[in-house]
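See structure below.
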Amino acid sequence: MDEVPEVSAAVLRGRLRECDRLLPRPGSVPPGDRPVVPWAEFCDPAGPWLRGCAEEWQRRGGFRHHRAGLVLVAFRFGWLACCATVPEYHLGAPVPALSGLRVVVGPDGRLSALVPGDEHVAAPEPASWWRSVAAAFRPLAGALHALGGPRPGSHEYWGNPVGGLGTVLWRLQRAGMPGDAQATARALRAATGRAELLDLDADREPWVRRRTCCQWWRREGGGWCAECVLWDSAARQR
């Protein structure tokens with residue numbers, strides 16, 4: 001990562017507030033009176049929260065195969081976890097630790113937001129950032145498998161946090177945030193040990209492309225993300 005020039009605490013707070021506006025981050029939407037559930041409780045396959053979240057995706061997408069809803073839970077968490085941590089890493093702010101994590105559950109069962117604990121890590125190495133994300137993601141992957149989804153180590157799960165880090169940085173660059181977003185993406189991608197799940201090409205727009213599918217395109221009229229792995233598929237061209 002090319003270092004972002006050191007700035008005052010006030011400027012850094014302003015940049016992070018702009019990230020709150022650009023991305024679904026912990027500071028973006030207050031929980032209100034929605035349930036706030038400890039992460040371990042949410043990930044319990046015998047409990048109501050995770051199953052309800054997967055069922056909500058199934059209803060919203062009208063999917064016939066229940067794997068789509070399960071994979072979309074992984075997509076949602078991977079995206080929210082990257083939104084909650086990657087901007088801080090890139091801008092040089094202390095990064096929220098995902099230990100002590102809680103989640104906000106919407107009235108429809110959706111995983112609405114993350115609430116990290118108070119612990120922050122100053123200037124973490126890429127490997128430290130990934131250990132935190134992976135430690136939170138691992139119980140989710142195991143629980144989704146217990147509910148009938150792919151194996152816990154499946155790329156269908158892990159492609160989501162890996163791909164999400166690239167999408168967050170692409171959006172920050174597009175919004176004019178300082179620093180070399182592509183260099184940060186390369187460093188964090190290498191730290192995951194799953195570099196094959198995220199394609200980066202400085203000469204392409206978007207320069208980030210996921211290598212796994214979130215399944216949302218299967219919804220009638222669902223569409224495709226700009227960085228979708230299906231960018232050149234026959235279905236998309238139609």
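The values are calculated or read from the model by the stated rules, or taken from the named source; none is laboratory data. Quick caveat: nothing in here was measured; it's all calculated off a predicted structure. Every residue, glycine as well, gets a Cβ built from its backbone with ideal geometry; the counts of neighbours run over all protein chains shown.
The table that follows gives values for the structure above.
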{"read-out": "Hits in the range 106-135 - residues which are of a type in the set (Ser, Thr, Tyr) and within 16 Å of Val86 (Cα to Cα)", "value": "Ser128, Ser132"}
{"read-out": "Of the criteria (1) modelled with pLDDT under 90; (2) surrounded by fewer than 20 Cβ atoms within 10 Å (Cβ to Cβ), which one Ala68 fails", "value": "(2)"}
{"read-out": "Pick from the range 125-141, criterion among the small types (Gly, Ala, Ser), without any contact (Cβ under 8 Å) to a residue 60 or more places away in the chain and surrounded by fewer than 17 Cβ atoms within 10 Å (Cβ to Cβ), ranking: farthest from Trp57 (Cα to Cα)", "value": "Ser128"}
{"read-out": "Search result, residues across the range 85-111 that are within 25 Å of Pro48 (Cα to Cα) and in contact with a Leu (Cβ under 9 Å, 6 or more places away or on another chain)", "value": "Leu98, Leu101, Arg102, Val103, Val104, Val105, Leu111"}
{"read-out": "Subset tally (residues that are more than 12 Å from Leu144 (Cα to Cα) and outside any helix (DSSP H, G or I)) for the range 62-90", "value": "4"}
{"read-out": "Check on Gly100, in contact with a helix residue (DSSP H, G or I) (Cβ under 9 Å, 6 or more places away or on another chain), part of a loop (DSSP other than H, G, I, E, B), exposed (fewer than 15 other Cβ atoms within 10 Å of the Cβ) and of a type outside the set (Lys, Arg)", "value": "yes"}
{"read-out": "Check on Arg13, among the charged types (D, E, K, R), surrounded by fewer than 20 Cβ atoms within 10 Å (Cβ to Cβ), assigned to a loop (DSSP other than H, G, I, E, B) and out of contact with any Asp or Glu (no Cβ under 7 Å at 6 or more places or on another chain)", "value": "no"}
{"read-out": "Residues of the range 174-185 that turn out to be surrounded by fewer than 18 Cβ atoms within 10 Å (Cβ to Cβ) and closer than 25 Å to Ala134 by Cα, as a count", "value": "2"}
{"read-out": "Residue within the range 149-163 that is assigned to a helix (DSSP H, G or I), loosely packed, with under 15 Cβ neighbours inside 10 Å and of a type outside the set (Phe, Trp, Tyr) present", "value": "no"}
